[in-house]
Each structure stands twice: as structure tokens, then as C-alpha cells.
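What follows is one structure encoded as C-alpha cells, with my remarks underneath.
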Amino acid sequence: MNSVRNMKRFNFILLFFLFFLHTLDNYIREVQWNRGMMVFLKNAFLAGMVLLFLMELYCFSGKRTIKSVFIDELKSIIWLTVTFAVLSVYEMLKNQGFETATIKGLIRLLIPVFTAFVILNVMEFDDIYRVMAISLCFMFAGYVAAHVGDLSIGNFCSVSFVDSYSPFESNFFSPAAMGFCLFFCYFRKNKLFTFLSVLFTILTFKRIMVLYAVVLLLFGGMVSKWKEMPKWLLRMLGVIIFIFSILYIQLMLGNVAKLLFKYFGIEINRTVIDIFSMGRSWFIQLVLEGDFRSVGFMSSTVGFKNMEMDLPMIYIEMGILSVAATIYFMLRLVKNNWYVFGIIGFCLLELLTSHWFDITYFWIVAYVTVGCIQYRQPEPDMESKTPGNLRQIIKRFVNSWRIKT
């Protein structure tokens, strides 16, 4: 009994320290300090934690009474990675080339889902919730510390949603904020954490995330109680998402403008598209007009400015099949849950409009959230024990370390 309790504490500390390192790294990047060994330290700790969790799963496999979870989701992302690998090999053979960026990209697709898999299978929901709550507070404190010099009435008045400007905008903290927002807008036992995660997301000022966070705050609780999503509806929405994605990609490539001018005489200024895409369509044109030959996934990032739009990027690198595979395998994670559909819908929207594939720690939180919703829902008695505030969370954790006599 004591060994199990000690293992739970150890797992808690490992996962919390991983998020602590991520907070520290985000702070260093935000204030533009030299990261030094931080990237290596963070990646090494992540690899070590996953390895230890795997050893724990192996050692206690015979004693486990709970069936392993998140297997179907793991398989879906593995199949997506295999699809990308096969398409990449085809491009390599066709264009006689190879880039190590492809191997790195494929590995980074697998790391988050594999990490979430071991977390969900060695930790109980109550412990995951506490790690998320404390990590959210630490992450928010790191963000505030990085922007404390920007706090002024003038800066608050200069915020413009229309012009997409805010002195508090953060490229580094925003994915983490959104990940916590996805988690706490579903598990909203403590309204403080729900509000803090939404506020955090709004302050980091990424417009899609801000809108999504507000929608989750207003309607997330209601959506989480909806009945199961019909399979026919999920398939239909998948087709709609695919069609919309291809149309958006063609718009970024300039093909929509050409067709409108050819058949209807409507001319769309390239500058309008650049403004609409925040300049990202210009990055695509640089690749298309340059001497680019695809050799697979992520190969366009070598020698060119990153397009910062992942679905258009893989369309150029591996064709329309890669886009269809991404949407199909991502939507397999939904199963029949409306809220999970909202999570995956957000991820696909970010993949379509920005660079999102390799934001590892967002994906870890997102996958863990999906897994908790699908498999680790707290039972009524367990939910009643879920701490109500940060003070109780910390107190409960400290008390768990006291030696009982």
C-alpha cells in the first residue's frame, strides 16, 4: 500500500516538474534570455519521465485492475505518422533527396500522444487535476513576471482586437494557456481555475484562441452535458472540414483568385490575402517561387521561411492525401463526444491557419484532456473529493507526505 502511495507521489512530482521546466523555458524565451541548455534539459527530462512511466506500467502490469486506456487514440496518431512517412518516402524517391527535418517532424508527432498515453495509464484523474491546477498557477505567474514591466494604463488602452495588437501578446505562453483552458472549461468543479485559464488565454492575445476561450467559457459546460454525437453527423462534419480546408489552402496558394478572375472577372488583390492571413500567404509564395523540391514532411522548412500554416504546408509537401489523412485520423479521437469534437476542431483550425504540429506541450495537455474526458471521468464520489481551491490542493498534497503513526 505504501509503495503504491509513494509511486503516486513520485508520478505527481515528475509531471509537475515537467510543466515547471516548460514554464521556466517559456519565461526565458519571453524575456529573450539565452536558453542555453534549457531545451536539452527539458527534452531529456521528458524522455526520462516517459521511460520511467513505461517501466512502471511494465512492472505493475500484472497487478493492475484497471484496463489500459487511450489505446485507440494512440493508434490513430501512429497511423497518421505512418501515412506521413509513406508519403514522405514517395517524395524522397521521386525527387531524389532526403532531409533530417522529416525524421524529426515524424518523431515530434508521436511524442505528445505517447506521453499522454503513459500519463493516463499511470496517474488517476485526481492527481492529474491537481498537477494541472498547480501548473496553471505557476504558468500564469511566469507570464505575469515576464510582462510586469508592460503593466500600464497606456498599454491596456493600446490593445486592439481589430488591429491584432497587444503589448501583452505572447507566442510562447499562449499555447499552454489554451491547453489549460481546454481542460478547465470542461472540468469546472473549481470556477476559479476555469476563469483563470480563460483570462490567461485572453491576455496572451491570439485572436482565434481568445474567441475560442470565450465560447468555451460561455458554452463549454452546456456542451459537456450534450448527448453522444451521431456518427453520421461526425462524418458529415469531417467532409465539410475537409472541403473548407482545401478551399482555404487554394485561397492561400492564389488559385481561388485566378479562378474568380477567369470565370467572373473578379480580381482579388494579393495584398488583401496577405493581410487576411497575417502575411503567411507571402511565405507560401516564397516557397512556390523558389527552387523547392519536396522530399517529404517538414522539408519546406529547410532553406525557406516557415510557412506557419501546417495544412497548406503538408499539402505542398505531400499532396491532398496528407490533408485528408490528418483530418480523418484527428477526428477518430472524437468518438462521439461533442466537447472533444470542439477540442479537435480547434486543433484543426490552428493547423490550417498557423504552425501547430510541433507545439509539444500543448498537444500533451490536449491529449490528456481528451483522455480524461473519454476514460478518466471522475466518479460522483471522487468528484466531490476534488479540491475546491488552490490552497486545498497544496494542503492535500502536503498532508499526503506525512508519515502516519
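Points worth noting:
- Counting only Cα atoms, the size of the stretch 318-371 along its three principal axes is 30, 24, 15 Å, in decreasing order.
- Of the cross-linked pairs Lys42/Lys67; Lys67/Lys189; Lys189/Lys225; Lys8/Lys225, those separated by over 20 Å at the C-alpha level are Lys42/Lys67; Lys67/Lys189; Lys8/Lys225.
- Taking the chain as a Gaussian network of alpha-carbon nodes connected by springs under 10 Å, the highest mean-square fluctuation of the residues Gly265, Gly105, Gly371 belongs to Gly265.
- Per-residue HN-Hα couplings for the stretch 354-368 [Karplus 6.51, -1.76, 1.60; θ = phi - 60°; Hz; x = Gly/Pro]: 8, 8, 9, 4, 9, 8, 4, 6, 5, 5, 4, 5, 5, 5, 4
- Near Val323: Cβ cut-off under 13 Å, other residues only, Lys/Arg at +1 and Asp/Glu at -1. The net charge is -2.
- Over all pairs of different C-alpha atoms, the stretch 35-168 has a mean inverse distance whose reciprocal, the Kirkwood radius, equals 19.2 Å.
- Accessible surface, the chain, averaged per residue in Å² (probe 1.4 Å): 50
- Carbon and sulfur %, accessible surface of the chain computed with the full protein complex present, 1.4 Å: 66
- Prolate/oblate/rounded label for the stretch 139-211 (Cα gyration tensor, a/c 1.5): prolate
- For the chain: Kirkwood Rh in Å [reciprocal of mean 1/r, alpha carbons]: 22.8
- Cross-link reach list, aspartates and glutamates versus Lys335, counting only Cα pairs under 14 Å and skipping chain neighbours closer than eight places: Asp72, Glu73, Glu228
- Radius 14 Å from Cβ of Asp72, net charge of other residues (Lys, Arg +1; Asp, Glu -1): +3
- Here the scattering of the stretch 58-128 is modelled by Debye summation over its C-alpha atoms, one equal scatterer each and no solvent; at q = 0.11, 0.13, 0.18, 0.26 Å⁻¹ the log10 of I(q)/I(0) is -0.41, -0.53, -0.77, -1.15.
- Other residues within the sphere of radius under 15 Å centred on the Cβ of Asn155, judged by their own Cβ, net out at -3 (K and R +1, D and E -1).
- In the stretch 149-254, the trypsin sites (Lys or Arg not before Pro) that fall in loop regions by DSSP, at most 12 other Cβ within 10 Å: Lys225, Lys227
The values are calculated or read from the model by the stated rules, or taken from the named source; none is laboratory data. Just so it is clear, the structure is predicted and the values come from calculations on it, not from any experiment. Quick reminder, even Gly has a Cβ in these numbers, built from the backbone with ideal geometry, and neighbours come from all protein chains shown. Each accessible area value is taken on the protein alone, full model and side chains, heavy atoms only, with ligands, DNA and RNA left out. Shrake-Rupley method; radii C 1.70, N 1.55, O 1.52, S 1.80 Å.
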